[in-house]
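The values are calculated or read from the model by the stated rules, or taken from the named source; none is laboratory data. Model, not experiment: these values are computed from the prediction. Every residue, glycine as well, gets a Cβ built from its backbone with ideal geometry; the counts of neighbours run over all protein chains shown. Just the protein is used for accessible areas: all its heavy atoms, side chains included, with ligands, DNA and RNA removed. Shrake-Rupley method; radii C 1.70, N 1.55, O 1.52, S 1.80 Å.
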Amino acid sequence: MYKLLLLATTVASLCFVTQSRAQAPVLGNVSSFALFSSSGNVNNTGLSHLTGNVGTHNGSINNFGNVDGVLHDTDSTSEEVANSLTITCIEIHETDPEFFPEPELGDGQILVAGTYFIGESTVLNNTLTLDGEGNSDAVFIFQIQSPLSSTEGAQVALVNGAQACNVFWLVEGNINLAANTIMKGTLIGYDTSIVLNSGVEIEGRAVSTLGTITATGVTVRIPLGCGAPPLTGPPAPPLNTITCYTLFSGNGQVTNTGDSILTGDVGTNNGATTGFQTENVTGTIHHAPNASTAQCHTDLNAVYSYVNSIPIDILLHQPSALGNDLVLTPHAYHMSSAVLTGKLTLNAQGNPDAVFIIKVNGSLTTATDAVIELINGAQAKNVFWRVNSTITLNENTSFKGTLISNNGAITLHPGVEIEGRVMNRSGGITTNSITAAITPGCELLGITTTTQRTAKLYPNPFSSALTIDLAEVDAASSELTIYNSLGALVLATTLQQHFTELPMNLPTGIYYYRVATANGVVQTGKLVSKQ
């Protein structure tokens, strides 16, 4: 504690009058960082997921993959953050403690808002609950004069309005969080190292004034709330006539094999469009260039130029690690190339208008069964991909957003499912037994997409029976067709009632359906059979 007293004296001009009640300290530039050391290396081992910047002002940043934030290594920003962190430490230190708990925190313990002082080595065990008592502005400050550690699986829980953005830990001793610890709040090591072991999750941040930060396969996300402005992402490009196309090339053949189920127009402005069945396309198949494709080509070039002009917020450094449960928030991203493996999650953080733009300078490839997941209000209509080379979506990829290739062939393999559209400025598009549907906004076609009036199919996954509910669209005499992952037709039937239960006997696997109702509602989607 002597060091903090000395620091407070030497920078007295920055100090505030001692607080009698806990008030949230001002984080300043620290607020945008997930991990930071004013002086010390910031190291990572394994696959860590970070939402927020990472930095050091005197050291190096080592072995981080794709971070949903910016890496700052000894630059003007890191200097500002180091200064802000000093002020934050002083402000927390100048807050009078109100409670003096034992150094064993947790084991079902419930604490209310206030400032807590512990002068001995402190251990977090099992569950510590912080109770906001219905006040979302409730502030919790922990002044720990000695080391802080946790046992494996220990956690801090927030209830009754308590928020991670209002929880602060100032620790004058080494910090070591054991595997699978769940921590809430801003964790500050004063002249000490911080070790975050495998599986640690922090809703908050881990920062140090002097010491190494070591992370091993952790998840750290800066907290929302407390007046932080919501992320909106960059402005969305105006699509104009592109809105009505699900597949389009400005210069190249558009070719299909198998039974591809499409909602939206298909065409090219220089070449031929072949292999698509009229009964499987809800929209216009432009077999040859015409006025519509010419306008779409013009609009596509304008969208491409617009997306190119958007400033980049975040550079993703690991092309081969796009996915692998990576979570991205509304920003403009850049990658040299990209291989999508496993799941990529786009988190709108509760803002349904939030925009995501991902720019790929090279090629984009997906592994089999790769998935893009949209959460917390994210919408496919607000996701845009610009790729400057070839695009290959492999079997059973579930893709979201408008995908634009500048100059390279696009190949969509069997079982690919797209909510959005696929555009190519110059190059062919080859599809084989895919399902694709445009996002809402195309009044020209008069299409009702799956986010508007729907027909419900459940359960999904199904086993011995499937129920089709047409009550919301008020239509009977509808046609249901189901295709396997290779595009072969496995079921076709007419639905004469608003509620129909069909006995099913399909092998375990992924299937694709199309419902066309008597009043013009068309819906496509994926079904899973689990026998």
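A compact table of results
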item: Cα-centre dipole for segment 365-431 with unit charges at Cβ (Lys and Arg positive, Asp and Glu negative), debye to 20; result: 360
item: Accessible carbon and sulfur surface of segment 256-378 relative to its total accessible area, %, 1.4 Å; result: 51
item: Angle in degrees between helix 291-309 and the longest Cα principal axis of the chain, rounded to the nearest 10; result: 10
item: Solvent-accessible area of Asp137 with every protein chain in place, 1.4 Å probe, in Å² to the nearest 10; result: 110
item: Too-long pairs where the Cα-Cα distance tops 26 Å, listed order kept, from Lys400/Lys456; Lys359/Lys381; Lys184/Lys381; Lys400/Lys526; Lys456/Lys530; result: Lys184/Lys381
item: Ser405 long-range amide H proximity, modeled H, under 5 Å; result: Val387, Met423, Asn424, Arg425
item: Helix 76-93 vs. the chain, principal-axis angle (Cα, 0 to 90°, nearest 10); result: 50
item: Ranked by how many other beta carbons lie within 10 Å on average, peptides 166-175, 457-466 from highest; result: 166-175, 457-466
item: Kirkwood hydrodynamic radius (C-alpha pairs) into Stokes-Einstein, segment 230-280, 4 °C and 1.567 mPa s, D in µm²/s; result: 101
item: Positive dipole terminus of the chain, leading residue within Pro223, Ile261, Gly204 (C-beta point charges); result: Ile261
item: Ordering of 426-437, 223-234 by packing [mean C-beta count within 10 Å, highest first]; result: 426-437, 223-234
item: Computed over segment 76-122, the ratio Rg/Rh where both radii use C-alpha atoms and Rh is Kirkwood; result: 1.13
item: By average C-beta atoms within 10 angstrom, highest first, the peptides 59-72, 496-509; result: 59-72, 496-509
item: More than 31 angstrom apart: percent of Cα pairs within the chain; result: 54
item: In nm, spacing of pseudo-spin labels at Val159 and Asn460 (7 Å Cα→C-beta vector); result: 3.8
item: Centroid-to-centroid separation of segment 376-391 and segment 74-111 [C-alpha atoms, Å]; result: 40
item: Shape call, segment 89-234: gyration tensor on alpha carbons, a/c limit 1.5; result: rounded
item: Charge dipole (debye, nearest 20) of the chain; +1 at Cβ of Lys and Arg, -1 at Cβ of Asp and Glu; result: 1480
item: Along each principal axis, Cα extent of segment 257-353, largest first, Å; result: 41, 31, 29
item: Extreme residue, positive dipole direction of the chain, given options Ala380, Val360, Thr390 (C-beta unit charges); result: Thr390
item: Length-normalised contact order for segment 253-349 - Cα pairs under 8 Å, 6+ apart - percent; result: 19
item: Local net charge near Thr181, Cβ-Cβ under 9 Å (Lys/Arg +1, Asp/Glu -1); result: -2
item: The chain - accessible surface per residue (Å², probe 1.4 Å); result: 38
item: For segment 188-259: rounded, prolate or oblate by the Cα gyration tensor [a/c cutoff 1.5]; result: prolate
item: Unit charges at the beta carbon, dipole of the chain: most positive-side option, Pro103, Thr435, Gln145; result: Thr435
item: In Å, descending, principal axis extents of the Cα set of segment 301-424; result: 33, 29, 26
item: Simple Cβ-charge dipole of segment 100-248, Lys/Arg +1 and Asp/Glu -1, about Cα centre, in debye nearest 20; result: 600
item: Relative contact order (%) - the chain, alpha-carbon pairs under 8 angstrom, separation at least six; result: 9
item: Note, ³J(HN,Hα) from phi for segment 143-159, Karplus 6.51, -1.76, 1.60, rounded to Hz, x at Gly and Pro; result: 9, 10, 7, 10, x, 10, 9, 9, 8, 4, x, 5, 8, 9, 10, 10, 9
item: Residues with amide H under 5 Å from that of Ala22, placed H, sequence gap 5 or more; result: Thr115
item: Where Rh is the Kirkwood radius over Cα pairs, Rg/Rh for segment 23-85; result: 0.97
